[in-house]
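These notes concern the structure reproduced below.
The values are calculated or read from the model by the stated rules, or taken from the named source; none is laboratory data. Not measured: the values here are computed from a predicted model. Methodologically, a virtual Cβ is constructed for each residue, glycine included, from the backbone with ideal geometry; neighbour enumeration extends over all protein chains shown. Calculation scope for accessible area: heavy atoms of the full protein, side chains included, ligands and nucleic acids excluded. Shrake-Rupley method; radii C 1.70, N 1.55, O 1.52, S 1.80 Å.
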Amino acid sequence: MITHPKRLTAAILAALALIILPASPAHATYGPDQPVYVQLNATGGGPMLALLQGTVAFDDGNTRYRYNLTLCWQSAYPQPYFLINVNGSTTQSPVYTGMSSAPGCQFVYNYSADVNFGGTVQNVRFDVTGGWFASSGQYMMRTRSSATYDNPYN
């Protein structure tokens with residue numbers, strides 16, 4: 001039995017905290033970051049158009065993935081972009097989080113998100129698209145895909 005007033009007060013506060021404070025939501029445990037690197041060049045050894053680089057990781061519950069990527073706008077016209085392909089069939093737009101700068105880039109666009117896919121994530125791929133004017137003056141576009149990053153938990 002607790003008879004000392006300070007101990008009694010501490011015990012009551014501890015019990016109230018357990019009752020009043022909600023339990024913290026469970027958080028996904030992510031595996032190791034996998035490096036992402038996609039250099040998009042014009043065809044025929046043409047100029048470098050865009051560089052996508054950063055990391056992607058998967059959670060152990062198989063329904064989430066996270067990425068932290070930068071897209072360097074090199075010489076594409078207009079601005080290059082990328083899309084996220086999940087499980088080979090679902091296309092998602094990346095979440096833009098700001099701009100920065102780097103040597104050799106007109107602009108650097110930052111993208112980062114913790115994505116709850118809502119189903120099993122088997123794999124993820126990044127598709128980078130950019131355009132340029134060929135020496136003939138014809139406008140060209142090209143898309144280059146990253147490796148397919150497999151979820152190590154399924």
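Points to keep in mind about this one:
- Note on region 27-44: residues that are more than 21 Å from Tyr67 (Cβ to Cβ) and either aliphatic (A, V, I, L, M) or modelled with pLDDT under 80 (or both) total 1.
- Of all residues making up region 38-63, the number that are within 11 Å of the chain's Cα centre (by Cα) and open to solvent by 30 Å² or more (accessible area, probe 1.4 Å): 2
- Identity of the residue in region 64-100, of a type in the set (Gly, Ala, Ser) and under 16 Å from Leu49 (Cα atoms), that ends up least open to solvent (accessible area, probe 1.4 Å): Ala76
- Conditions (1) more than 19 Å from the chain's Cα centre (by Cα); (2) more than 19 Å from Leu51 (Cα to Cα); (3) open to solvent by less than 50 Å² (accessible area, probe 1.4 Å); number of the one not met by Gln138: (3)
- Checked against (1) touching a strand residue (DSSP E or B) at 6+ places or on another chain (Cβ under 9 Å); (2) closer than 17 Å to Asp150 by Cβ, Asn62 passes all but condition (1).
- Applying the set (1) crowded, with 16+ Cβ neighbours inside 10 Å; (2) more than 14 Å from Leu69 (Cα to Cα); (3) within 14 Å of the chain's Cα centre (by Cα); (4) not aliphatic (A, V, I, L, M) to Asn116 leaves exactly one unmet item: (1).
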